[in-house]
Amino acid sequence: MTKVGIDAVEIWTGKLKLDLPETFAPAKDEDPGKYTKGLGLEASSFPDTYEDIVTMAANAAKRLMDRKGLTPDDIGRIDVATESAFDHSKPVSTYVAGCLDSVYEGDFTHTNKGERKFACVAGTQAIDDTINWILAGRNRGRAGLVIATDTALYARGDPGEATQGAGAVAMLVDEDPAMTALSLDQGFGSKDETDFLKPNQQFPSVDGKRSVQVYLSRMREAWADLESVAGRIEPVDFAYAPFHTPFPGMVRKAAPLAYRRLVRGTSVEDDLADRIGRQPREAKFDTREDYEEAISAYMDDLTELVEYQEWYSGAIEPTLDIARRVGNWYTGSVHLARVSALRHAARSNTEMIGGRLLIASYGSGAQAEIHPETVREGWKDEIEALNIDGQLARRYDISYEEYETIHDVHDYDKDTEVEKFTDPDGEFVFTGWGRMNERQYEYAE
Ligand code: CAA
C-alpha cells in the first residue's frame with residue numbers, strides 16, 4: 001500500500017509577543033501562576049499591523065516551497081484550514097495562491113483550492129482530504145499543500161483572552177513522505193455542541209468550562225472508535241501523543257484519560273492495582289454519576305504515581321513546548337504539537353524512524369479525531385530545517401497598552417491606525433482594501 005503523509009512542514013508565527021505572566025497578568029490584576037502553572041502558558045503570539053491569516057499562511061508556504069525547491073506545477077491542491085476567515089464566499093486559499101503567484105514563475109491555475117472549516121480540527125481534516133485524493137490516484141503525481149492559519153483572538157475581557165495566539169503551519173502532503181506516514185485507521189467522536197462558536201461574528205462566544213468537558217468527552221469517544229478498528233493501544237506503542245493544545249493545561253487534563261485507557265486490562269493496570277485499586281468499570285455502578293465520580297477519584301490517584309509521571313514527561317510534556325510560547329493557533333495547534341514532539345526527539349538524539357505518534361485533534365462544535373502516524377526516514381532533516389526558535393526570539397515584546405492597540409487593529413469593527421512594530425523583511429504583507437472590499441497584499445523585499 002502506498003505510504004502517504006506529511007513530507008515537509010514550515011511554521012510562521014505572528015511577529016509580536018505578549019508576555020502573559022509579566023505583562024498580561026499584572027494588567028489584569030491576576031496571579032502570574034494562573035498562566036505559568038494553571039494554563040501552562042508563557043506567551044502569546046500576535047500578528048503585527050501588516051500581518052493576517054493570509055500573510056502568515058503565504059509566508060509559511062513560500063518558505064516550504066523554497067526549501068523543497070517546488071514550483072506551482074508541483075502542487076495539485078491548496079487547502080487552507082482556518083476559523084478566522086474574513087469572507088463567506090472567496091476562500092483564503094485563493095488569496096494565498098495570489099500571493100504565491102506573484103513571486104513564482106508559473107502559476108496555480110490548475111491547482112484545486114478550497115477552505116476547510118470545523119474549528120480546530122479542520123487542519124487534520126484537510127490532510128485527510130489530500131490523502132484521499134492521492135490514494136484515489138487523482139493527484140497526477142502532484143502533492144497537496146495544507147495550510148492551517150489562524151488569528152485566535154477573543155473579545156477583550158473574555159476568559160479566553162488568556163489563551164490567544166496567531167500563526168500558520170504549512171504542510172506538504174505527498175506520497176512516500178519524508179516526515180510521517182498517516183495510518184488509515186482513525187477514530188472519531190462527534191456531537192452537535194454549543195461550546196465555542198462564531199455565528200457571523202469575529203470573536204467567539206465561548207462557554208469555557210463546558211468547552212473543556214466537551215473536549216474530554218469527544219476525545220474519549222474518538223479513542224474508543226479508534227480501538228474498535230485498530231485494536232488495543234498500549235503505552236509502548238507510541239513515543240509521543242501530540243494533542244490539540246488550546247493551552248497546555250488542557251492537555252494536562254486529557255493525559256490521565258489517555259493513560260487510563262492505554263493501561264486498562266494490561267499488566268501495567270495489574271501493577272498499579274496494589275496501590276490505587278483497579279480501574280472502575282461502568283457495569284459495576286448503578287448510575288453514570290457514581291461511575292464518573294469513581295473515575296475522577298481513580299485519575300487523581302493515577303496522576304500521583306511515578307509510572308504515570310514518567311509516561312507524561314516522556315510522551316506528553318515534550319509536545320507542549322511551542323504551544324507554551326505562542327498560545328492557541330486553533331487549526332495549527334495539533335500540528336505544532338507534532339513538531340514539538342519531533343524537535344524533542346531530534347534534540348535528545350532519539351532514534352525515531354519507524355517510531356509512532358498518536359495524533360489527537362479536536363474542534364469545538366464538536367469533533368475529535370485520533371490516528372497513528374509512523375515516523376519516516378527524513379524526519380530529522382525536516383525538523384532541523386525549521387527556523388522556529390529564531391522566529392520566536394525575534395518577536396517584538398509588546399506592552400499591555402500596545403496589546404490593546406494591536407487587538408483593536410485586528411478588530412474588524414474598529415478603524416485603528418497605528419505604526420507597525422516590526423519591519424517586514426522578505427515576506428508578504430497586507431496593504432489595504434480594494435474597490436470590492438477585498439484584502440490586498442504584496443511581497444515586501
Ligand atoms: N497558580 C496555579 N494555578 C492557578 C492559579 C495560580 N495562582 N490561578 C488559577 N490557576 C489554575 C486554575 O485552578 C485553573 O486550573 P484547573 O482548570 O486545573 O482548575 C487554571 O489555572 C485556569 O484558571 P481559571 O479556571 O480560573 O481560568 P478562567 O476561568 O479564567 O478560564 C478557560 C480558563 C475556561 C480555559 C478560559 O481560558 C477559556 O475560556 N479559554 C477558551 C476556551 C478553551 O480554550 N477551551 C479549551 C477546550 S475547547 C478547544 O480546545 C477548542 C479551542 O481551541 C478553543
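Going through the range 202-215 one residue at a time, which ones are surrounded by fewer than 18 Cβ atoms within 10 Å (Cβ to Cβ) and assigned to a helix (DSSP H, G or I)?
Those that are surrounded by fewer than 18 Cβ atoms within 10 Å (Cβ to Cβ) and assigned to a helix (DSSP H, G or I): G208, K209, R210, V212, Q213.
Residue by residue through the range 396-443, note down the ones that are over 15 Å from C99 (Cα atoms) and acidic (D, E).
D397, E401, E402, E404, D408, D411, D413, D415, E417, E419, D423, D425
With D225, D300, D274 as the choices, which residue is away from the ligand (no atom under 13 Å from the Cβ) and surrounded by fewer than 18 Cβ atoms within 10 Å (Cβ to Cβ)?
Working: D225 fails: surrounded by fewer than 18 Cβ atoms within 10 Å (Cβ to Cβ); D300 fails: away from the ligand (no atom under 13 Å from the Cβ).
From the options D225, D300, D274, the qualifying one is D274.
Looking at the range 228-267 only, could you name the residues that are part of a loop (DSSP other than H, G, I, E, B), among the aromatic types (F, W, Y) and within 16 Å of the ligand (Cβ to nearest atom)?
Listed by number, the list holds a single entry, F247.
Among the residues that make up the range 97-114, is at least one of them within 24 Å of N387 (Cβ to Cβ), aliphatic (A, V, I, L, M) and touching a helix residue (DSSP H, G or I) at 6+ places or on another chain (Cβ under 7 Å)?
yes
Could you tell me which numbered condition R435 fails, if it satisfies all but one of (1) crowded, with 18+ Cβ neighbours inside 10 Å; (2) more than 16 Å from A166 (Cα to Cα); (3) among the basic types (K, R)?
Failing condition for R435: (1).
Looking at V103, V80, can you tell me which residue is among the hydrophobic types (A, V, I, L, M, F, W, C) and crowded, with 24+ Cβ neighbours inside 10 Å? Give the steps one after another, and end with the answer.
Working: V103 fails: crowded, with 24+ Cβ neighbours inside 10 Å.
On inspection, the qualifying residue turns out to be V80.
Across the range 332-349, which residue is nearest to the ligand (Cβ to nearest atom) among those that are crowded, with 19+ Cβ neighbours inside 10 Å and among the charged types (D, E, K, R)?
Filtering the range 332-349 for residues that are crowded, with 19+ Cβ neighbours inside 10 Å and among the charged types (D, E, K, R), the one nearest to the ligand (Cβ to nearest atom) comes out as R338.
Here is a check on your reading of the model: is L392 away from the ligand (no atom under 16 Å from the Cβ), out of contact with any Asp or Glu (no Cβ under 8 Å at 6 or more places or on another chain) and closer than 15 Å to A166 by Cβ?
Answer is yes for this residue.
Please work out which one of (1) among the small types (G, A, S); (2) over 17 Å from the mean Cα position of the chain (by Cα); (3) buried (at least 17 other Cβ atoms within 10 Å of the Cβ) is the condition S399 fails and give its number.
(3)
Can you work out which of the residues in the range 277-294 that are of a type in the set (D, E, K, R) and outside any loop (DSSP other than H, G, I, E, B) is farthest from the ligand (Cβ to nearest atom)?
K284
With the requirement that a residue be under 21 Å from P235 (Cα atoms), without any contact (Cβ under 8 Å) to a residue 60 or more places away in the chain and of a type outside the set (D, E, K, R), what does the range 287-311 give you?
Passing the criteria: I295, S296, Y298, M299, L302, T303, L305, V306, Y308, Q309.
Test S361 against the stated conditions and say whether it is touching a Ser or Thr at 6+ places or on another chain (Cβ under 9 Å), modelled with pLDDT of 95 or more, assigned to a helix (DSSP H, G or I) and of a type outside the set (F, W, Y).
no
Filter the range 129-164 down to the residues that are small (G, A, S), at negative phi and within 16 Å of the ligand (Cβ to nearest atom), then identify the one that is nearest to the chain's Cα centre (by Cα).
Per the criteria, the residue is A148.
The values are calculated or read from the model by the stated rules, or taken from the named source; none is laboratory data. This is a predicted model, so every value here is computed, not measured. All Cβ positions, even for glycine, are placed from backbone atoms using ideal geometry, and neighbour counts span all protein chains on display.
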